[in-house]
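Everything on this sheet refers to the single structure shown next.
The values are calculated or read from the model by the stated rules, or taken from the named source; none is laboratory data. Fair warning: this is a prediction, and the values are worked out from it, not measured in the lab. Don't worry about glycine lacking a Cβ; one is built from the backbone with ideal geometry, like all the others, and counts go over all protein chains shown. The protein model used for the area step is the full one, side chains on, heavy atoms only, and it has no ligands, DNA or RNA in it. Shrake-Rupley method; radii C 1.70, N 1.55, O 1.52, S 1.80 Å.
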Amino acid sequence: MVSCFRVLSKTLPDVKLEHASSPPRGWNSYDSFSWTISEEEFLQNAQIISERLLSSGYEYVVVDYLWYRRKVEGANADSLGFDVIDEWGRMVPDPDRWPSSRGGKGFTEVAKKVHDMGLKFGIHVMRGISTQAVNANTPILDITTGKAYEAGQRNWSSQDIGLKKRTCSWMQNGFMSVDTTLGAGNAFLRSLYTQYAEWGVDLVKLDCVFGADLDIFEIITVSEILKQLDQPILYSLSPGTGVTPELAKAVSGFANMYRITADDWDSWGDVASHFDVSRDLAAANLIGADGLLGKSWPDLDMLPLGWLTDPAANEGPHRASNLTADEQRTQITLWSMAKSPLMFGGDVRNLDNATYDLITNAVLLEINSFSSGNMEACFPYITKGTRSWIATGRNGEIYLAFFNVNTDQTVITAMTSDLAKVLPGKNLNSCKSHELWSGKDFGILNQSLSTAVQGHGCALFILNCS
């Protein structure tokens, strides 16, 4: 039987942590640009985020995958032979899309411009080594000498470390794992992440390494490398297909955020698929658990809201999100109550007012950053197709969310006696209740709190108890 909630007997003291003391928040290019984004498009988005979203905590701007792939005829998300690599087999930005990278500068100039905007710069990277580097049999850089890696009286190269039987399942032409039992394999990974630090990278999203694509050896090796760098780098893992609490526990201490579902796109089925796994990881005390040099957070994936592209497309933003207004509120309410990192995915150059108001809602951001005791509460009278989450605010307020996964309007009720079981020591006899989305005051809480919730919609109550 799945446990839906845990009873908290005491409040843990706040500890100031260097990495991810609250769920990271920012913007990622994938939902709006797939792999095609250019330096100009990226910096345009970053500037607007600095001006409009940074004040709401959106501080990371992340270039998602294939920034090293040439955007030419024949190139796509799993093509071979179109990537730009240096003499050591390391990916470097496509100079046609990222002109400031020319002359061996990598992302140095982009990172500097992002930092000058008051933001932090992130990149997506794939696990292991590229097939293109292995085919070219490039030498491996030893960062301690600046020369080719040598051990056992010989130089080592890409073909010595690439594991051709361990290709990425969804990008088989692109990347394969490296043998981390070899000194040469570790030397290659050190050369990668040292270069990212030299560029000024603040976040790396390591993909095809978790969930059904698990490579625990690379996860741990990269974590140890990041610990040793002078540049603090937030560590994100992806994707999350098939994640269980046991699997999450195996990696949470090595990272700062880790995906717990497959890619989330703008369909109701994708949104609804997050309820069970969010419940399970909350019940396993994994929200805000110890992580790399700080905390770690289960990641429900980007928010596909606003102006988007399509999965693995060869084009940028060209359409609005398919989620209804109710579905969008449900998504960001669940993400906030589950304390997921909030990474907006829409093109902010075309950010509409409704989407802006949603992703900057002060109550949701307060819950996401500062609430505690976040859990799904399986009240006995919650009917099939409805869910309920509960959390406590830093000033003692109670947040209670109802979710209607059904297509038809449903009345959802919470009994005060059951709330008291979840919140021991709380005096619930004089709580004033207000619902966020309707703006309605529900007065003093008596024996129950009840409201009709639209299909695919939600209600979020704030209870202030004297």
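Mind checking which residues of region 244-270 are among the β-branched types (Val, Ile, Thr) and surrounded by fewer than 24 Cβ atoms within 10 Å (Cβ to Cβ)? Within region 244-270, Thr244, Val251, Thr261 meet the criteria. Taking region 179-209 as the range and being more than 21 Å from His124 (Cβ to Cβ) and aliphatic (A, V, I, L, M) as the test, the residues that pass are Leu182, Ala184, Ala187. If you go through region 284-308 and keep only what is of a type in the set (A, V, I, L, M, F, W, C) and either open to solvent by 30 Å² or more (accessible area, probe 1.4 Å) or touching a helix residue (DSSP H, G or I) at 6+ places or on another chain (Cβ under 7 Å) (or both), you end up with Ala284, Leu286, Ile287, Ala289, Leu292, Leu293, Leu300, Met302, Leu303, Leu305, Trp307, Leu308. Is it true that some residue in region 229-237 is out of contact with any strand residue (DSSP E or B) (no Cβ under 6 Å at 6 or more places or on another chain), surrounded by fewer than 22 Cβ atoms within 10 Å (Cβ to Cβ) and either polar (S, T, N, Q) or assigned to a helix (DSSP H, G or I) (or both)? Within region 229-237, one or more residues are out of contact with any strand residue (DSSP E or B) (no Cβ under 6 Å at 6 or more places or on another chain), surrounded by fewer than 22 Cβ atoms within 10 Å (Cβ to Cβ) and either polar (S, T, N, Q) or assigned to a helix (DSSP H, G or I) (or both). Taking the listed residues Ile219, Ile225, the one that is touching a residue at least 24 places away in the same chain (Cβ under 8 Å), in a helix (DSSP H, G or I), touching a Lys or Arg at 6+ places or on another chain (Cβ under 8 Å) and on the phi < 0 side of the Ramachandran plot is Ile225, with no other qualifying.
The single condition from (1) free of Cβ contacts under 8 Å to residues at least 60 places away in the same chain; (2) in a loop (DSSP other than H, G, I, E, B); (3) not hydroxyl-bearing (Ser, Thr, Tyr) that Asn285 fails is (1).
Candidates Leu460, Leu449: the one that is assigned to a strand (DSSP E or B) and under 31 Å from the mean Cα position of the chain (by Cα) is Leu460.
Note on region 364-386: among residues that are closer than 25 Å to Lys421 by Cβ and among the aliphatic types (A, V, I, L, M), the one that is modelled with the lowest pLDDT is Ile382.
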